[in-house]
């Protein structure tokens, strides 16, 4: 899980400092990997090597919003749904985070590494059951 502390000015002109949390589960990463032709990692590498700016922007937006959530008070759940994502996307904090990732390759790499869980102990998904 990645925590980003952001200081931003809200739409009432009030400066705020808030913590925002981002995380992808092993299941989410596996789903993203398997639902992308050739795999998500290969697709991202191709887009970056081709310097396809529109595709890079689309991927970062998708990753930021897919990973964003709010921790439940007891810490048992990480709540990610359309309502939570929509509310976050309407803040200047989202804009600040997005701009940082879009303009700073080191920040973008740290973000991606921070939201992706260690997959070393995850089993390889079985697409076809052996007979």
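If you sort the three axes of the alpha carbon gyration tensor as a ≥ b ≥ c, you get a/c of 1.5 or more for the chain and a/b no higher than b/c, which makes it oblate. Diagonalising the gyration tensor over the Cα atoms of the stretch 17-68 and scaling each eigenvalue by 5 before taking the square root yields semi-axes of 21, 16, 7 Å, largest first. If you plug the beta carbon distance of residue 58 and residue 15 into 1/(1 + (r/R0)^6) with R0 = 35 Å, you get a FRET efficiency near 0.70.
Taken along the Cα-to-beta-carbon direction at a fixed 7 Å, the label points for residue 77 and residue 8 span 2.5 nm. For the pair residue 43 and residue 66 in one chain, pulling the backbone fully straight at 0.36 nm per residue adds 6.6 nm over the alpha carbon distance.
If R0 is taken as 22 Å, the Cβ-Cβ distance between residue 102 and residue 28 corresponds to a FRET efficiency of 0.50. Relative to the longest principal axis of the chain, what angle (0 to 90°, nearest 10) does the C-alpha long axis of helix 105-115 take? Approximately 70 degrees, to the nearest ten.
Since every read-out is calculated from the coordinates, none of them should be taken as a lab result. Just so it is clear, the model here is predicted, and its values are computed rather than measured. All Cβ positions, glycine included, derive from the backbone under ideal geometry; neighbour counts span all protein chains shown.
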